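S.K.: The structure that follows is given in the form of structure tokens.
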């Protein structure tokens, strides 16, 4: 699979899965997954006009993926996660955070994708620099 296909597929899967789970979380009062440890439910952060704040970083990430195709999956994770949060924030005025462990602030699958993507890009860039 080429870099563009990996990027597009990764971003699409993250966007679709996160939006589906957000829809379920908004419709339900919540679901206790691990008693006293993990709660999936409604919550959110207000983010008006988030879609416009997303466009320039998205273009920058696409340029990075063109420059280094090895980063395509990580860029796809970041684009999918940020697109999911941006679309929801723009349409609803807030982002639904549905995973609430007792030891950490609430988050969602998009946030996980953003974090894993950023760490992956940092590790790959560091590995590349150290090989020079």
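The values are calculated or read from the model by the stated rules, or taken from the named source; none is laboratory data. Computed from a predicted structure; not experimentally measured. Methodologically, a virtual Cβ is constructed for each residue, glycine included, from the backbone with ideal geometry; neighbour enumeration extends over all protein chains shown.
S.K.: Evaluate the following for residue 100: is it more than 22 Å from residue 8 (Cβ to Cβ) and in contact (Cβ under 8 Å) with a residue 60 or more places away in the chain?
M.R.: yes
S.K.: Among the listed residues 81, 89, which satisfies the condition of being under 30 Å from residue 128 (Cα atoms), modelled with pLDDT of 80 or more and crowded, with 20+ Cβ neighbours inside 10 Å?
M.R.: Within the list 81, 89, the selection yields 81.
S.K.: Moving to a separate point now. Is it true that some residue in the stretch 32-51 is modelled with pLDDT under 85, out of contact with any strand residue (DSSP E or B) (no Cβ under 7 Å at 6 or more places or on another chain) and in a helix (DSSP H, G or I)?
M.R.: Yes, there is a match, as at least one residue in the stretch 32-51 is modelled with pLDDT under 85, out of contact with any strand residue (DSSP E or B) (no Cβ under 7 Å at 6 or more places or on another chain) and in a helix (DSSP H, G or I).
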